[in-house]
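Accompanying notes for the structure given below.
The values are calculated or read from the model by the stated rules, or taken from the named source; none is laboratory data. Note that the coordinates shown come from a computational prediction; the quantities given were computed from them, not determined experimentally. Positions of Cβ are generated from backbone atoms using ideal geometry, with glycine treated the same way; all protein chains shown enter the neighbour counts. Remember, those area values only see protein heavy atoms, side chains included, never the ligands or the DNA or RNA. Shrake-Rupley method; radii C 1.70, N 1.55, O 1.52, S 1.80 Å.
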Amino acid sequence: MLVKDRYRRIWAYNQQGELLWHVQDPGGYRTAHQPRPMDIDGDGRDEIMAGYAMLNHDGTVRWVYQSDVVDLRRGHLDCARVFRKAASPEDFRIVATCCGANNIVMLDGNGTVIWEIPGHHFESIEVGHIIPEHAAPQILVDIDHQPKGQSPLWIIGPEGELLGQLNTDYSRHHRLLDWTGDGYDEILVAGSKGIYRADGTCIATLATPDLPETGEPYEASVLMADMTGNGVPDILYITPTKVYIYRNEHGRRPEGGFPLGTGANVTLY
């Protein structure tokens with residue numbers, strides 16, 4: 001189990017609650033919002049993306065990401081996701097966002113930069129098959145701190161190419177899911193309660209009966225979880241006062257299921 005405070009320390013425990021290791025300011029930088037386990041060398045033990053530092057299974061620093069285009073001391077690593085698993089670190093791919101430093105980066109399993117896109121406040125990442133014409137997976141990422149109505153989600157290809165953009169009033173909280181059963185992911189945006197195709201077409205809107213539309217502003221969030229036991233991820237729409245659960249009636253069961261501690265049941269924070 002990995003436990004962290006806001007931005008400085010991470011503790012690792014075994015299932016008996018015994019402390020395995022502890023780190024502070026890994027690699028000389030703040031931690032990310034979540035330490036992200038991933039086995040980048042295929043030895044059966046997880047390394048930990050703890051921020052800009054990749055830790056070995058014992059908490060020692062394996063490598064630290066260095067950028068030639070942004071100042072990483074501005075802020076912290078916001079989100080890291082596995083883009084491609086591989087047998088060797090050289091072929092492994094990790095995509096990450098730099099909060100404050102305004103950057104999104106693709107790294108290999110050794111921390112080598114494949115590409116970077118600076119200049120925007122990128123935050124949360126999902127990886128999936130969004131655009132049917134593209135065989136390779138795509139990256140979905142939001143750009144935060146924008147005026148209302150100009151809140152974009154970008155779809156980025158494996159080489160860092162911009163493939164599409166979706167604008168809503170507020171796109172900060174989002175998820176990918178196969179809502180139609182066609183094997184491709186739709187985009188769920190909490191702010192608009194909408195489910196969108198890659199071309200921006202809204203194919204469904206979440207109904208929220210008895211939810212007051214006035215009062216203090218808040219940020220709704222969305223999670224994915226199998227709530228019916230059929231293996232298909234369903235939708236949880238979360239507000240400060242209520243949680244709405246929606247059955248995914250047409251979606252497909254993910255191949256191979258979700259690894260422990262990853263997949264549909266993990267929030268960014």
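Here are the numbers for this structure:
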| read-out | value |
| --- | --- |
| From phi via Karplus (6.51, -1.76, 1.60), per-residue ³J(HN,Hα) for the stretch 48-54 in Hz, x at Gly/Pro | 10, 7, 9, x, 7, 9, 9 |
| Longest site-free stretch - the chain; sites: trypsin sites (Lys or Arg not before Pro), DSSP loop, at most 16 other Cβ within 10 Å | 149-241 |
| Gain on full stretching of the segment that runs from Ile203 to Arg8 - 0.36 nm per residue minus C-alpha separation | 66.0 nm |
| Nearest-20 debye value, the stretch 1-125 charge dipole, Cβ charges on Lys, Arg, Asp, Glu | 400 |
| Cα-based reach from Lys148 at 20 Å (exclusive), listing aspartates and glutamates while leaving out same-chain residues under 8 positions away | Glu123, Asp169, Glu213, Glu216, Glu219 |
| Using a Förster distance of 45 Å, the FRET efficiency for Gln146-Gln16 (Cβ separation, nearest 0.05) | 0.45 |
| Relative contact order (%) - the stretch 1-47, alpha-carbon pairs under 8 angstrom, separation at least six | 29 |
| Heavy atoms of Val3 accessible to a 1.4 Å probe, total area in Å² rounded to 10 | 70 |
| Distant-in-sequence amide H partners of His121 (H built 1.01 Å from N, under 5 Å) | Asp144 |
| Order of exposure, largest accessible area first, which applies to Tyr52, Tyr244, Tyr218 with probe 1.4 Å | Tyr218, Tyr244, Tyr52 |
| Per-residue ³J(HN,Hα) for the stretch 216-228, Karplus 6.51 cos²θ - 1.76 cosθ + 1.60, θ = phi - 60°, Hz, x for Gly and Pro | 5, x, 8, 9, 6, 10, 10, 10, 10, 7, 7, 9, 10 |
| By accessible area with a 1.4 Å probe, ligands and nucleic acids excluded, highest first: order of Phe83, Phe92 | Phe83, Phe92 |
| The stretch 59-186 - accessible surface per residue (Å², probe 1.4 Å) | 41 |
| Segment Leu211-Ala136, extension gain: residue separation times 0.36 nm, minus the distance between their alpha carbons | 23.1 nm |
| Sequence-distant residues sharing a close amide H with Trp115 (under 5 Å, placed H) | Met106 |
| With every protein chain in place, the chain: carbon and sulfur % of accessible area (1.4 Å) | 48 |
| Nearest-0.05 FRET efficiency for Asn110 and Gln24, computed from C-beta distance (R0 35 Å) | 0.90 |
| Reachable lysines from Lys242, criterion Cα separation under 21 angstrom, eight or more residues apart if same chain | Lys193 |
| Viscosity 1.002 mPa s, 20 °C: Kirkwood-radius Stokes-Einstein D of the chain over Cα pairs, µm²/s | 110 |
| Residue-level accessible surface for Asp5, protein heavy atoms, 1.4 Å, Å² | 40 |
| Gap separating the Cα centres of the stretch 106-120 and the stretch 1-60, nearest whole Å | 20 |
| Debye, to nearest 20: dipole size of the stretch 63-139, +1 on Lys, Arg Cβ, -1 on Asp, Glu Cβ | 160 |
| Cα-centre dipole for the chain with unit charges at Cβ (Lys and Arg positive, Asp and Glu negative), debye to 20 | 580 |
| Accessible-area ranking of His173, His250, largest first, probe 1.4 Å | His250, His173 |
